[in-house]
């Protein structure tokens, strides 16, 4: 809120001022050279002094007593004033820091902000005055730009012109949404206009902080702190730990420390000669402000009834409801527009991914909209050259000649257009040795990465730039795999194992709902697998089998894989084995691309099983089994029968009846293996079976592809060579680095579509 001098003239000695713009008040009294005894507080500071401030120990108290996770405990504490039972409980346990003298020393309250009715009611007990700012009648022009990039560029052009008449310290960008962040950084560089961003760097992701948290699980705090070597970071972490030094439960202590560190940032020192970012409450006279992104849903913000306390409860407890917040937010923007002398407002019609609409306040306030004609190329050589390159692209590729093309081209005749070479230049063998530590560990995924694109493997598997982050879906996948690995052991307790696995996970209410729904699905999956096991003679099972196969190369090379389940039995000196891998996503069953070393999960499991501790292995089949299903396909039979079909194994079976029937006694019309059916004339055409010769060829092909890929890696061949099969550029599918390799048409390797019968034999 903008604070006028007229308001401040009425302030007396001993007054308590509540405002979000402290600087304005302090500047006013400083300019008057007037000594006056005042207290100046924000709304939150007033609440902390008047009603009491929650002590840090309260988080631990709620987590310990009620087994709340950190987020739930914090949410309750944020609303403690309005939850009477909680308020009294915290007071009884001395968890609220109170200032009994504060209320006694209040003479008069000067209110420059609108506050919740609950707080307003308390203020009215004292002598008080309220200053509701009058709305002036400024009508700034609103600028409409086609794209987000054009909007940001126009802002910097305007700033460049503005710097001819004012200093950079008087120019502010009003706090923008995250969507603009990278683009503003980019144009700050292009125009050489420095900006002090209100953005800190997360310390949670720092390697030394991660080492500290890992060490804290098994060591003392003092020992764990030795992992942090940066003095600034060490002091921050020590301060956080000191706040919760009374926590007796180490697990809760670690969880609190972890969450507090997640919320902690370090901020760079602000530059003196730079544009600053301002909040809506920090507007001051004589400064220049840019409000970008004046779009529907953004300006003003829209609050919804989705807090811990519903709007109905808020109304009873005299708290601003979402509707009231929306009205206040709208009024705050209107006051900003009407009361700010030097305000530049703009909005976009689209970004890279979606379309936008202008803020409805434009029509409501009857503001003039202008479509600026951007023709100024005088402020940024970097931008001009970039723009010229874009226009040359359009001209060369599509014969589209922009009116400004000649002007720009004559201004920059020696522009380095299309001179960038994206080629991979081989690393030194010494660097390779450093990256691998003299040992190369390969797996199905690394083999697949390499054969899809060598550069993809280099970035992801060698440099390890593809940082792993556990998402909710990966959590679900890991949970299902863990439970199924122990579900068939003696003394298995489903409820205990399930709850133990998720108890320390930070889950939203939505995620908790889904995980409880999936809990029943997991029980059903276990029951289905037990039912399937009734039809097999392979009664022995190995779960989560890690299999390592050493390779003969100039350095130590090991091929490794983890097979979810090996069903087996020993008979007549041989071990009949069925390979099963669980899938929570959509299984891809295809041997056609094996000839290229791509999508070889099942062939690799065949290879690993042959090299396991089991002796004289005969493969009954190798399969993927989907264990999470989000929809039921249309079926003529009843629901239960249709649902069971979803859990059938999908893969390839041995066509040797004597071996196959050991695995599935109902092989002639199987309810366990998808598509497995036998007539008097033999297997149906759609049945996926391989004869022993094909099995042997597939195993041999797998060996060759592993050796070929390993040789290429050891020879440091990491070219940008994404593979394309048919219409699918499979080399770039799900690649996290496809935006930085700048692959060109000549980099793409076109592969012929294959049928596995062509290279394995058979029909």
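Taking the listed residues 554, 567, the one that is surrounded by fewer than 17 Cβ atoms within 10 Å (Cβ to Cβ) and either over 17 Å from residue 648 (Cα atoms) or touching a residue at least 12 places away in the same chain (Cβ under 8 Å) (or both) is 554, with no other qualifying.
For the residues 425, 420, the requirement of being out of contact with any helix residue (DSSP H, G or I) (no Cβ under 6 Å at 6 or more places or on another chain) and under 14 Å from residue 718 (Cβ atoms) singles out 425. In the list 322, 346, 310, 353, which residue meets the criterion of being assigned by TED's automatic domain parsing to the domain that holds residue 171, closer than 30 Å to residue 373 by Cβ and without any contact (Cβ under 8 Å) to a residue 24 or more places away in the chain? Answer to the check: 353.
This table checks each residue for (1) part of a helix (DSSP H, G or I); (2) at pLDDT below 95; (3) surrounded by 17 or more Cβ atoms within 10 Å (Cβ to Cβ).
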residue	(1), (2), (3)
210	yes, yes, no
218	no, yes, no
245	no, yes, no
248	no, yes, no
252	yes, yes, yes
269	no, yes, no
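Of note, residue 625 does not satisfy the criterion of being touching a residue at least 12 places away in the same chain (Cβ under 8 Å) and in a helix (DSSP H, G or I).
Summed over segment 480-521, the residues that are over 25 Å from residue 257 (Cα atoms) and in a helix (DSSP H, G or I) give a count of 21. Every test in (1) more than 31 Å from the chain's Cα centre (by Cα); (2) in a loop (DSSP other than H, G, I, E, B) is passed by residue 344 save one, and that test is (2). Residue count for segment 337-371 under the criterion of being surrounded by 14 or more Cβ atoms within 10 Å (Cβ to Cβ), under 16 Å from residue 149 (Cβ atoms) and modelled with pLDDT under 90: the result is 1.
Only helices (runs of 4 or more DSSP H) whose full extent lies in segment 356-449 are considered here, and the ones with at least 1 residues that are in contact (Cβ under 8 Å) with a residue 40 or more places away in the chain and within 37 Å of the chain's Cα centre (by Cα) are 361-364, 381-398, 429-436.
If we scan segment 463-475, do we find a residue that is at pLDDT 90 or above and closer than 26 Å to residue 728 by Cα? Scanning segment 463-475 turns up no residue that is at pLDDT 90 or above and closer than 26 Å to residue 728 by Cα. Restrict the check to segment 40-57 and report whether at least one residue is exposed (fewer than 13 other Cβ atoms within 10 Å of the Cβ) and either in contact (Cβ under 8 Å) with a residue 60 or more places away in the chain or over 30 Å from residue 500 (Cβ atoms) (or both). Yes, there is a match, as at least one residue in segment 40-57 is exposed (fewer than 13 other Cβ atoms within 10 Å of the Cβ) and either in contact (Cβ under 8 Å) with a residue 60 or more places away in the chain or over 30 Å from residue 500 (Cβ atoms) (or both). Of the residues screened, residue 150 is one that is touching a strand residue (DSSP E or B) at 6+ places or on another chain (Cβ under 9 Å) and in contact (Cβ under 8 Å) with a residue 24 or more places away in the chain. Which one of 281, 222 is in the same structural domain as residue 149 (by TED's automatic domain parsing), more than 28 Å from the chain's Cα centre (by Cα) and assigned to a helix (DSSP H, G or I)? The match here is 281.
The residue that is surrounded by the most Cβ atoms within 10 Å (Cβ to Cβ), among those in segment 696-712 that are in contact (Cβ under 8 Å) with a residue 40 or more places away in the chain and more than 17 Å from residue 551 (Cβ to Cβ), is 698. Restricting attention to segment 90-119, which residues are under 37 Å from the mean Cα position of the chain (by Cα) and either free of Cβ contacts under 8 Å to residues at least 24 places away in the same chain or in a helix (DSSP H, G or I) (or both)? Hit for segment 90-119 is 90, nothing else. With respect to residue 623, determine if the residue is surrounded by 23 or more Cβ atoms within 10 Å (Cβ to Cβ), under 22 Å from residue 526 (Cα atoms) and either modelled with pLDDT under 90 or within 35 Å of the chain's Cα centre (by Cα) (or both). When the stated conditions are applied, residue 623 passes them.
What residue, of 693, 715, is loosely packed, with under 14 Cβ neighbours inside 10 Å, assigned by TED's automatic domain parsing to the domain that holds residue 444 and over 29 Å from residue 437 (Cα atoms)?
Result of the check over 693, 715: 693.
Of the residues 575, 584, 525, 535, the single one that is in contact with a strand residue (DSSP E or B) (Cβ under 6 Å, 6 or more places away or on another chain) and either surrounded by 14 or more Cβ atoms within 10 Å (Cβ to Cβ) or assigned by TED's automatic domain parsing to the domain that holds residue 653 (or both) is 575.
The values are calculated or read from the model by the stated rules, or taken from the named source; none is laboratory data. Bear in mind the structure is a predicted one, so any value in this text is a computation, not a measurement. Glycine gets a Cβ as well: all are built from the backbone with ideal geometry, and neighbour counts include every protein chain shown.
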